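Below is one structure, written out as structure tokens; comments come after it.
The values are calculated or read from the model by the stated rules, or taken from the named source; none is laboratory data. As the structure is a computational prediction, the values presented were derived from the model and not from experiment. Neighbour counts are summed over all protein chains in view; Cβ atoms, including those assigned to glycine, are modelled from backbone coordinates with ideal geometry.
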Amino acid sequence: MTLADYARDHAVHAAVVLVFFLYPPVNGALESSPLAAETAAFLPGITFMIAVLYMGLFAMSFDFVSGYTGYLSFGHAAFYGTGAYFVVLAANGQIPGIPGGTPFMITLLLGALLAALLALVIGSVSFRLTGVYFAMITLGFAQVIYELIRSWGYVSTNPQEGATIGGDGLAIGVPYVDALSLRVGRLTGTSVENLLGLGIDVSATVVSYYALGAVVLASYFAMQRILHSPFGRVMVAIRENEERARAVGYPTYRFKLAAFAISGFFGAVAGGIFAAYARSVSPDNSYFFLVTADALITTIIGGFGTLAGPLFGTAFHQWLEDVLSTESGGLATYIREGVPATVLETDVFGLSVELFVNTALAGRAPLYLGIVFVLFVLFVPNGILGTVRDRLGGTVGKRLPERLRRYRR
Amino acid sequence: MSATALSLGVADPAPLLATGGAADGLRTAVRVLVEGLGKAAVYFTIAVGLTLVFGLMGVLNFAHGAVTMVGAYLGGLVLVLVVGSGTGTLATIGVFFAAMAIVFAVTTAAGSLIELKLIRPIYDRTPTYQILLTFGVSLIIEEVARIVLTLRGIQPDPQWQAPMGTAPDVLLGRTDFLGIAVRRLYLFEVLIGGVVLVAVWLFLTRTLYGLYIRAGSEDTEMVQALGIDVRRAFTVVFGVGTGLAAVGGVLLMWDPIWGPSVLLSIDVLLYAFVVVIIGGLGSFRGTVVAAGIVGIADSVTTWLFTTGVVTFSGLSEVTIFLLLVGMLIVRPQGLYGVEEVGGH
Amino acid sequence: MSVLEFEGVHTYYGESHILQGLDLTVEDDEIVALVGRNGVGKTTTLRTALGLTPPRRGTVRFKGEDVTGREPHEIAGGGMGWVPEDRRVFAHLTVAENLRVAAHAAADPDARIGEAYDLFPALERFADKEAGDLSGGQQQMLAIARGMLGDNDLLLVDEPSEGLAPQIVSDVVEALRAASADTTMVLVEQNFRLAMDLADRFYLVDHGVVVEEGDTDGVTSEDERIRRYLTA
């Protein structure tokens, strides 16, 4: 394959990466433009974009096994939680055999391997079941671990609240080479002043965004390669008709186990970079069922069985969170500041507009996410990316360049 | 108000710790058993609707817990509005039953509507989509509940204390039962659970719709081929299942361990799953037995922790989810389920 | 007026094309046998008539009315009964309850069930027993009785002798004769002799179409026009 072919095949990938890459400077430029208020209200801030990265990776890892083999991994939070807790405990020197100060990239990898091992253990009994029963047994396993971690005094003095990382920011990059590493975390991350002498300052948050983005990108390509390999084709064969896949001689049980382990691995990577950035972890934001549910929702919206779709679904989710949050601008603030007081105090059916904004908009992302989710399940069952692929008749990466060429002629 | 709730929530360990020979041991065992039955009644009530719906329709209703949560609030609302400081004990209990009836009627209607408008269009898809849809519905219900509560100035969590305060004094104390001090609330819960059990059992065995449901749980297509509109039976059963979920909520309203809070939604859902899977998805008898097993396991492990035999605070929850996992490993179809493991 | 008519019916199971333009006509009061090898579409023909597996193309008429695409319960409720392959009795319901489900539309269900007991006395003895505990022959009786209870004008019977001992089969044949006294019947039966014995006319089906038809009188499986479709 020539370089040109390669470039054409990955043109769409490159475009998406470019959008993500250019987002912080564009967003920054807009914030100091006359559209500052609108930017704050309608464009997600960098912290939300960081959540897109780690939650998007987690959702992709969920889709990797659930969307491609058809087995709903309802206990997927177990892997995310394992990655997150491992990183936090390792950073605090609480894991036997791993001295404090071991580079984050190494502990991240070890945590992910542990999660893959956990997936093998859970999968070895769970893959004897199918359908609802598989979903329930994986959920059961995850809940057992959740309850254990909530009461495990070794984690911290208050295990229900989880644990935090003391010390320096964790670094993403080449282990033991400071020059090739970036520390992450809103307060502990590397910040760059006067980048390359261009007079551009890059905040710690933005540096974290790029560092996490690199991990997500690498993970995405790894999973994408696997799905496009013969191994991935067997996964799809299992989804389409497991009996037939077995009949033509594939040891489907082993394939499912391996797919589960890989998906657990990347689920843990997502949890690990989340913990490194957030510098803390709690049972409820890592091991709990609702974390899996989050991935499930964004996967359906983005496109079940599309791998990249969940990232877009997560982007939509985080955009909704940002627009409806009151933390950093958001729609509610925009209306409150932009709309005259007389309008705000107008009564509609006994409720003032202001009260409506405060209760039905501010912080209500889950409501609208739920509504959008139900509408997708009913009317767009293939999700965003799945539907686009159906329309184009193939993956966007393959079909879009062909279409464009046709128009050019 | 909150003080009584607190003293109810934390079992006082003193009488449990007093070990004085075999008689005391026996007494403790009976107390743990009675408490287990009280918990079993709660588990049964929150799970039975789920099992009916799955049995007939093959739909695992993820909105079940959300409806229970709504039921707890609606029931609480009725009690808070009607019961005052001067209301007598019998009158309060009368209001409690009236609240159950009202909540059942309202939520049954709402459930039927959800089945007609949202679930019916997607029966021809894989079961995954029905799970997803009901899960989405539960998200919406929870958020609407949060909005309404916030507008009324009530904290969505922790529990709404006002309805707990309407519980008559009679239910708050302990009663002497064969020389054993048994918490009366547990006896009340056993009573209500028994009423629900008998009512559902009569519905299933003595009504034509009950007959359709039992036949349809075995073979939906055959029932259709006998000229019965199974879709209409689906609507009725989903409605009744929803109504039963809400009745469970009314029962939980006075229980300090549960009580009305938006978080009830997910808690109830997870526990209801455990019960119906251990019993066998779709089996009424299985749900009864499994609720008993989970209830007793819960009270025994709670007792082990409160007496200090085991210092691990999550023992009860871990045990319950381990029961789920263990059952799925050993016997995936559950105690009384039909053997067709996870057919899609 | 014909009771049942198929006109160029095409039915699919997923992507498998099962009925490939099947035509047949069943007249009032006759017993029609569908014969042919396994997997040629006999059961699918019955399922298509009932609307359980609706046709993609073609027309199904029941008592002169076009019922193509109607809901199964509407078609069944209009007077079409089904005695399915493997009997499919409700195993955890009692015999009486099985019959009660079938008699749901009758003005006086108990009286109708009483009539069924008169026809099949064995069922009355086991009225309170769970249907799953009955023997194969008894379950077949129950399935036939259940198919008759809806005051049906047409009874579709699928493989009634399958898996039964020879002496039980004769009981089942008697039951079918009794049942056919006042209904039209379409019978799918592997046992060729039995089918010819019971039926007035036959259709020989192969690859989803009718390849032979005629009166059953004197027809044996040794006839060359029959034999080549029955042997593998």
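Summary table below
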| read-out | value |
| --- | --- |
| Those residues of the stretch B:311-324 which are free of Cβ contacts under 8 Å to residues at least 24 places away in the same chain and either within 7 Å of chain A (Cβ to nearest Cβ) or aromatic (F, W, Y) (or both), in sequence order | B:F312, B:S313, B:G314, B:E317, B:V318, B:L322 |
| Residue identified as surrounded by fewer than 21 Cβ atoms within 10 Å (Cβ to Cβ), in contact (Cβ under 8 Å) with a residue 60 or more places away in the chain and under 16 Å from B:I46 (Cβ atoms) among B:G308, B:G292, B:G241, B:G248 | B:G292 |
| B:L171, sole failed condition from (1) under 30 Å from B:D24 (Cβ atoms); (2) aliphatic (A, V, I, L, M); (3) within 14 Å of chain A (Cβ to nearest Cβ) | (3) |
| Qualifying positions in the stretch C:72-112 - within 15 Å of C:A127 (Cα to Cα), of a type in the set (A, V, I, L, M) and facing chain B (nearest Cβ under 7 Å) | C:A91, C:L93, C:V101, C:A102 |
| Members of the stretch B:160-206 found to be farther than 12 Å from B:L251 by Cβ and among the charged types (D, E, K, R), listed by number | B:D169, B:R174, B:D176, B:R183, B:R184, B:R206 |
| Listing of helices (runs of 4 or more DSSP H) fully contained in the stretch A:50-169 that carry 1 or more residues being surrounded by fewer than 22 Cβ atoms within 10 Å (Cβ to Cβ) and not aliphatic (A, V, I, L, M) | A:104-126, A:131-150 |
| Residue list for the stretch B:96-126, filter: under 20 Å from the mean Cα position of the chain (by Cα) and either at pLDDT below 90 or among the aromatic types (F, W, Y) (or both) | B:F96, B:F97, B:F104 |
| Test: B:A181 is of a type in the set (A, V, I, L, M, F, W, C), within 14 Å of another protein chain (Cβ to nearest Cβ) and more than 30 Å from A:V357 (Cα to Cα) | no |
| The stretch C:188-210 residues that are surrounded by 19 or more Cβ atoms within 10 Å (Cβ to Cβ), paired with ones that are among the basic types (K, R) and at pLDDT 90 or above (beta carbon under 7 Å, 6 or more apart) | C:V188/C:K42; C:V205/C:K42 |
| Residue list for the stretch B:137-176, restricted to those being without any contact (Cβ under 8 Å) to a residue 24 or more places away in the chain, part of a loop (DSSP other than H, G, I, E, B) and closer than 19 Å to B:S265 by Cβ | B:R152, B:I154, B:Q155 |
| Residue in the stretch A:138-181 that is nearest to the other protein chains (Cβ to nearest Cβ), counting only those that are touching a residue at least 12 places away in the same chain (Cβ under 8 Å), within 30 Å of A:V125 (Cα to Cα) and in contact with a Pro (Cβ under 8 Å, 6 or more places away or on another chain) | A:R150 |
| Subset of the stretch B:177-187 [within 28 Å of B:Y73 (Cβ to Cβ) and touching a residue at least 24 places away in the same chain (Cβ under 8 Å)] | B:R183, B:L185, B:Y186, B:L187 |
| Failed criterion for C:A33 (all others in (1) crowded, with 21+ Cβ neighbours inside 10 Å; (2) over 21 Å from C:H10 (Cβ atoms); (3) within 14 Å of chain B (Cβ to nearest Cβ) hold) | (3) |
| Helices (runs of 4 or more DSSP H) (entirely within the stretch B:207-306) containing at least 2 residues that are away from chain C (no Cβ under 14 Å) and at pLDDT 90 or above | B:230-252, B:264-279, B:284-306 |
| Hits in the stretch A:288-297 (condition: within 12 Å of another protein chain (Cβ to nearest Cβ) and either of a type in the set (F, W, Y) or touching a Pro at 6+ places or on another chain (Cβ under 9 Å) (or both)) | A:F288, A:F289 |
| Residues that are out of contact with any Ser or Thr (no Cβ under 7 Å at 6 or more places or on another chain), within 14 Å of chain B (Cβ to nearest Cβ), touching a residue at least 60 places away in the same chain (Cβ under 8 Å) and part of a helix (DSSP H, G or I), drawn from the stretch A:303-323 | A:E321 |
